[in-house]
Amino acid sequence: MHEFNFKDRRLYCENVPVDRIVKEFKTPLYVYSYATFVGHFLKLQKAFKDIDPLICYSVKANSNLSVLKALVDKGAGLDIVSGGELFRALQVGCPPERIVYASVGKTEVEIEAAIKKGILFFNVESLPELENINRIAARLGKCTRVALRINPDVEPRTHHYITTGKLTNKFGIDFQTAGKIILESGRLSHVRIKGIHIHIGSQITIGAPFVEAIRKVIAFIRKLKAAGISIEYLNIGGGLGIIYKNERPQTAQQYADKVLPILKKSGLRIIMEPGRFIIGSAAILVTRVLYVKKTPLKKFVIVDAGMNDLIRPALYSAHHEIVPLTFSPGAKEKVDIVGPICESGDFLAKERVLPAMKEGDLLAVMCAGAYGFSMASNYNSRKRAAEVLVKNKAVKLIRRRENNDDLVRNEFIVET
């Protein structure tokens, strides 16, 4: 559920009409509902209260500092994948012992910074990475904790671009290799393998793949225990899906009902890494109609937001519901909603049946909170959108709109 609803034919974010927000902040504009993303975090917390997991919000889904701060203040940890995300996590006051660090390509500089800050652990993706972390920790005179990311070879039944738990993907370590690494880890004097990590994909709407992966990994941990090797943490990753079109994803409680019995019996300390589930439906992208263009075969509604603002439709053929800010009961027509970018792939929706539109109309692209602004770019030298946060009746700017100076801030003209 989310806090974007129509009242008297006007779209509201919590208790504020979105068109009123647009008058002040213009378009394209990301509008976030505090009640929605905090509410989703609290639902997970409540559903899993029996095992009191560390819920590490996945920063890559949406890394705005105000979003991170609100979640950290509610007790969230953070799942990071880069040195930049570590910087963000520390900026909002996240305790290092609530930070876990994933990514298949951590650099020496990034690893060193995280070791110095004393994060909970690295999620290690390969033996060379583990050896590199050990070498850097030794140089620093530190001993650091790690979790091995297992690739359980489970089919998550989601888009192949966001599948991460098959052996054909670049992520994680197969069981046989992981077992060998753990058995021989005594030679690595400056790392301690404290946990096992899995993350099988994103936008997974059913429980079966999670159950299968967790069962496989717990069986693996039991074999390690029989060999005298103790594992303290199990990080079950994220991947919970949301409703974009007509999906019927499991609720936090339904997910907990499926996996809690297995997790309780394991006796392990549990970590979770939700991202999309928390922030996905908590934002809309508001865009303005620039032109309506008719051709012999199609009608195009050209808007001021494009693939530089929200790349998911172009990248994944992802579906986002699109609604006018003012409800119209009139005639409808089939149109393509397209942006201003010089690419045929620049679209927000194709063959979508919507009320007839005209220049100046405002549209909301729904469920744009996850992998929306965080994947935005300056392609075509487009300035990135502003972001605002709504909490009840209060509206606050949490990222200003970029200007022309921002576009060239890090560039130099040299004599040639």
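Only the coordinates and a few stated rules stand behind these numbers; no lab work does. It should be emphasised that the depicted structure is a prediction, and the values quoted were computed from it without experimental measurement. Every residue, glycine among them, receives a Cβ derived from its backbone with ideal geometry; neighbour counts consider all protein chains shown.
Once the Cα-Cα distance is subtracted from the 0.36 nm per residue extended length, the residue 394 to residue 342 segment shows a gain of 15.0 nm. Modelled this way, with points 7 Å down the Cα-to-C-beta line, the labels at residue 374 and residue 176 are 3.5 nm from one another.
Kindly provide the helix-only [θ] at 222 nm of the chain, computed as the sum of -39,500 (n - 2.57) over DSSP H runs of four or more divided by all residues, to the nearest 500 deg cm²/dmol? Using -39500 (n - 2.57) per qualifying helix, the result is -8500 deg cm²/dmol.
Annotation for region 72-89 versus region 270-317: alpha-carbon center distance of 26 Å. Set the Förster distance to 22 Å, then compute FRET efficiency between residue 381 and residue 290 from the Cβ-Cβ distance, nearest 0.05. Calculated transfer efficiency: 0.80.
For residue 393, go through the aspartates and glutamates and keep the ones whose alpha-carbon is under 16 Å away, minus same-chain ones fewer than eight residues off. Once the sequence-local aspartates and glutamates are set aside, what remains near residue 393 is 3, 14, 19, 24.
Looking at the chain alone, DSSP beta bridges between its own residues are antiparallel in about 50 percent of cases. Whole angstrom only: what separates the Cα centroid of region 321-358 from the Cα centroid of region 191-258? Region 321-358 and region 191-258 have Cα centres spaced 38 Å from each other.
For each of 36, 251, count neighbouring Cβ atoms within 10 Å of the residue's Cβ, then give the residues from fewest to most.
Starting with the residue having the fewest Cβ neighbours, the order is 251, 36.
For region 292-416, what is the relative contact order in percent, using Cα pairs closer than 8 Å and at least 6 residues apart in sequence? Please list the in-between numbers first.
Values: 199 pairs, mean separation 30.6, N = 125.
With pairs under 8 Å counted, the relative contact order is 24 percent.
The equivalent ellipsoid of region 188-322 has semi-axes of 43, 16, 12 Å, largest first, where each one is the square root of 5 times an eigenvalue of the Cα gyration tensor.
Once the Cβ-Cβ distance between residue 113 and residue 254 is put in as r, and R0 is 41 Å, what FRET efficiency do you end up with, to the nearest 0.05? E between residue 113 and residue 254, to the nearest 0.05, is 0.60.
Go through 294/332; 180/265; 69/117; 117/265; 74/264; 49/194 and tell me which ones have a Cα-Cα distance over 27 Å in this structure. As for pairs spanning more than 27 Å Cα to Cα, those are 117/265.
The translational diffusion coefficient of the chain, from Stokes-Einstein at 10 °C and 1.306 mPa s with a Kirkwood hydrodynamic radius over alpha carbon pairs, comes to 70 µm²/s. When the chain is treated as a GNM with alpha-carbon contacts under 10 Å, the residue of 349, 376, 227 showing the greatest mean-square fluctuation is 227. Residue separation of residue 405 and residue 208 scaled by 0.36 nm, minus their Cα-Cα distance, works out to 65.9 nm of gained length. If you plug the beta carbon distance of residue 245 and residue 50 into 1/(1 + (r/R0)^6) with R0 = 45 Å, you get a FRET efficiency near 0.85.
Maximal additional length on extending the residue 187-residue 359 stretch stands at 55.2 nm, based on 0.36 nm per residue less the C-alpha distance. Over region 34-279, Cα pairs under 8 Å with separation of 6+ residues give a relative contact order of 22 percent.
Here each label is just a point 7 Å from Cα along the line to Cβ, and for residue 351 and residue 262 those points are 3.7 nm apart.
Here the chain is assigned +1 on the Cβ of each Lys and Arg and -1 on the Cβ of each Asp and Glu. Its dipole about the Cα centre then comes out at about 840 debye. Of the residues 307, 366, 375, 1, the one with the fewest other Cβ atoms within 10 Å heads the list, and the complete ranking is 1, 375, 366, 307. Comparing 274, 329, 128 in a Gaussian network model of the chain, where Cα atoms under 10 Å apart are tied by springs, the biggest mean-square fluctuation is seen for 329. Classify region 34-279: rounded, prolate or oblate, from the alpha-carbon gyration tensor (a ≥ b ≥ c, eigenvalue square roots; a/c under 1.5 rounded; otherwise prolate if a/b is larger than b/c)? Cα axes put region 34-279 in the oblate bin.
When each of 233, 30 is scored by the number of other beta-carbon atoms lying within 10 Å, the sequence from fewest to most is 233, 30. Backbone phi angles across region 299-316, fed through the Karplus curve with coefficients 6.51, -1.76 and 1.60 (θ = phi - 60°), yield HN-Hα couplings of 10, 10, 9, 9, 10, 8, 10, x, 5, 6, 8, 9, 8, 4, x, 6, 7, 10 Hz in residue order; Gly and Pro are listed as x. Rounded to the nearest 20, the size of the Cβ-charge dipole of region 34-279 about its Cα centre is 400 debye, with Lys and Arg at +1 and Asp and Glu at -1.
Taking every alpha-carbon pair under 8 Å whose residues sit at least 6 apart, region 164-264 reaches a relative contact order of 32 percent.
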